[in-house]
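Notes follow the structure.
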Amino acid sequence: MSTSSTSSVDSAILQSLISSYVSSEDTETETTSSSDLGMEDFLTLLVAQLENQNPLDPTDTSQFTDQLAQFSQLEQLINLNDKMDETMEAVTDTEEEVDASDYVGMQVTGTVDTMTVEDGSVSSGYYDLDEAADVYVLVYDEDGSLVTTLNEGQVDAGSYLISWDGTDASGDAVDDATYTYAVMANSGSGYEEITSTVTGTVDAVSYLNGKAYLVVSGLLLDPSSVTTVTDANETASDSSSVSVLEYLGTTVSTYYPIVRVEDSTVSGDDLTFYLDAPEAVTITIYDANDESVATIEVDADDTSAGDNSVHWDALADTGYTADDGLYYYTVETASGDSATTPTSGEVVAIQSVSGTQYLELDNGRLVSVSNVTSISE
């Protein structure tokens, strides 16, 4: 029996084989390199070591047993690790879909910063301001490259939808994909990025490019951004649980319009009222303390059956301009009856005034959510 290879085939070989085996398992691909050492290679070399050991100095039995045990333990760990990898991969593949579906019907709160373009249709973005500011919206693609900049202009405190036509800075239509946006606001001390959250019931799950998004009040919410989840059924009886954002983009009607005076100017259209027949009327405008601020007399010749309107220039009966703030008005006819003051319009923003949120209509009127009489898409 030859002993010429004794010096190169000793107990150190086993340790080397173990290291090689680990390396081959870590770097294994679909096409295994012929230089990688697997279990069969190990056994072949192990037999060669036994056949070529020095009879006068055989491999120590306990040491040999320990080495076999180490290798066996290592193989078991590697197999276990492979099983764990397969399990985790399977969980990862299904986790998003399961979790996203579980949100449907739940009330959630999360950060919103995503718009999608699909078949040329662009989903809305959203942002919320605590105070008036100049606002820009920066739109980025999935690679983080700036696509376009939207100038929102000077915006009052409140909540707003972002309307993007799906074109880049050159005016060319962008590809169908998911886009993120950053809202930059300057309220007087420089531009800062603001983060907005949305609260509402998850109406559905939308998928784009294999990614699941929660649909909340028409906005897309990444499940990973959700911070709170509650059972919508448990809070259904609480009117505060209904997200005011759900009104954005809808058309609402009311008999109790609110007039806003800002920078000594009445916001929006003229004051409207409805008459069954032409009749002289008196319009009285009240402040938030229910105190009369201004009155406007309108002759019967200047009215008609149906919808009517009258202009108020924010001038009070004192001869001075009314203070900035919120006002409401009533219309009394010459016969002593009260005319109705209906108004309707699309909700374009949510305005926050003194801590109370109001729906802002496209005609400039504000509406308290509790005074909405009808809603249509």
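The values are calculated or read from the model by the stated rules, or taken from the named source; none is laboratory data. All of these numbers come straight from a predicted model, not from anything done at the bench. Note that we place each Cβ from the backbone using ideal geometry, even for glycine, and neighbour counts take in every protein chain shown. Note: areas computed on protein heavy atoms with side chains; ligands, DNA, RNA excluded. Shrake-Rupley method; radii C 1.70, N 1.55, O 1.52, S 1.80 Å.
Quick notes on this structure:
- Any hit, the stretch 304-321, residues being within 13 Å of VAL266 (Cα to Cα) and of a type in the set (Gly, Ala, Ser): yes
- None of SER264, SER352, SER344, SER335 is among the hydroxyl-bearing types (Ser, Thr, Tyr) and surrounded by fewer than 11 Cβ atoms within 10 Å (Cβ to Cβ) except SER335.
- Search result, residues across the stretch 179-203 that are more than 11 Å from the chain's Cα centre (by Cα), modelled with pLDDT of 80 or more and not in a loop (DSSP other than H, G, I, E, B): TYR179, ALA182, VAL183, MET184, ALA185, ASN186, TYR191, GLU192, GLU193, ILE194, THR201, VAL202
- Qualifying residues in the stretch 105-125 (those that are closer than 11 Å to ASP222 by Cβ and in a loop (DSSP other than H, G, I, E, B)) - the one least open to solvent (accessible area, probe 1.4 Å): VAL112
- Taking each residue of the stretch 357-372 that is closer than 19 Å to VAL266 by Cβ and looking for partners that are of a type in the set (Asp, Glu) and surrounded by fewer than 24 Cβ atoms within 10 Å (Cβ to Cβ) with beta-carbon atoms closer than 7 Å, six or more apart or interchain, yields LEU361/GLU346; ASP362/GLU346; ASN363/ASP269; GLY364/ASP269.
- The set of residues in the stretch 132-167 being under 23 Å from LYS211 (Cα atoms), over 18 Å from the mean Cα position of the chain (by Cα) and surrounded by fewer than 18 Cβ atoms within 10 Å (Cβ to Cβ) consists of ASP143, SER145, LEU146, ASP165, THR167.
- Meets criteria (over 10 Å from VAL261 (Cβ atoms), open to solvent by less than 90 Å² (accessible area, probe 1.4 Å) and in contact (Cβ under 8 Å) with a residue 12 or more places away in the chain) for GLY319: no
- Scanning the stretch 136-156 for residues that are at negative phi and in a loop (DSSP other than H, G, I, E, B) turns up ASP141, GLU142, ASP143, SER145, ASP156.
- Every residue from the stretch 281-309 that is out of contact with any Ser or Thr (no Cβ under 8 Å at 6 or more places or on another chain) and exposed (fewer than 15 other Cβ atoms within 10 Å of the Cβ): ALA288, ASN289, ASP290, GLU291, ASP299, ALA300, ASP301, ASP302, SER304, ALA305, GLY306
- Residues that are without any contact (Cβ under 8 Å) to a residue 24 or more places away in the chain and assigned to a strand (DSSP E or B), drawn from the stretch 157-178: THR167
- The condition of being open to solvent by less than 50 Å² (accessible area, probe 1.4 Å) and either small (Gly, Ala, Ser) or part of a strand (DSSP E or B) (or both) holds for only one of TYR274, TYR327, that being TYR327.
- Some residue of the stretch 210-227 being out of contact with any strand residue (DSSP E or B) (no Cβ under 6 Å at 6 or more places or on another chain), farther than 29 Å from THR114 by Cα, modelled with pLDDT of 80 or more and not β-branched (Val, Ile, Thr): no
- Scanning the stretch 334-377 for residues that are touching a Phe, Trp or Tyr at 6+ places or on another chain (Cβ under 9 Å) and closer than 23 Å to THR303 by Cα turns up ALA339, THR340, THR341, PRO342, THR343.
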